[in-house]
Amino acid sequence: MSTKMTQKTARKPLTRMTAAELAEATKGAEKIDFDDTRPLPPEMAVAWGRAKRGRGRPRIGQGAEKVLISMEKRLLLVTDALARRKGLDRSKLVAMAIRDMLEREAAVSDSDGSLKLPAREAVVPPGSGRKTRYHA
């Protein structure tokens, strides 16, 4: 009984091929016609859509909304410097400052329950060793 062993040949990356090797590897590619193609199966189409879309931002609370605000240039520079020192981005620092102001306002206002603040979440600065990161 004879067993024939087939060895898988390692393919050289296209960027490392000589012109002759590249011509051989792509031989016949120009003959592909649109009629020879077919749509992706549904499960592959979903996977392709996810891959094209990318990771995206994690949803926090009810989600995030982009806002355009005007700020004095010097105040913006100081804000960015403080955010860098604290290991936060500008959005998180501004959100934390607004949340703190709302909490102070709620502490001195009537306790009628009209002001509902979202729960404060821990902010973990980058490089702290924890993999889970919560945003303010």
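Collect the residues in region 19-65 that are more than 30 Å from Ser91 (Cα to Cα), β-branched (Val, Ile, Thr) and part of a loop (DSSP other than H, G, I, E, B), keeping them in residue-number order.
Passing the criteria: Thr26, Ile32, Thr37.
Does Arg74 meet the test of being modelled with pLDDT of 85 or more, of a type outside the set (Asp, Glu), part of a helix (DSSP H, G or I) and surrounded by 10 or more Cβ atoms within 10 Å (Cβ to Cβ)?
Criteria not met by Arg74.
What's the number of the condition Trp48 fails, among (1) surrounded by fewer than 10 Cβ atoms within 10 Å (Cβ to Cβ); (2) within 17 Å of the chain's Cα centre (by Cα)?
Answer for Trp48: the failing condition is (1).
Of the conditions (1) modelled with pLDDT of 60 or more; (2) more than 19 Å from Arg57 (Cα to Cα); (3) surrounded by 12 or more Cβ atoms within 10 Å (Cβ to Cβ), Leu115 clears all except one; give me its number.
(1)
The values are calculated or read from the model by the stated rules, or taken from the named source; none is laboratory data. Predicted model, so just to flag it, every value in this text is computed and none were measured. All Cβ positions, glycine included, derive from the backbone under ideal geometry; neighbour counts span all protein chains shown.
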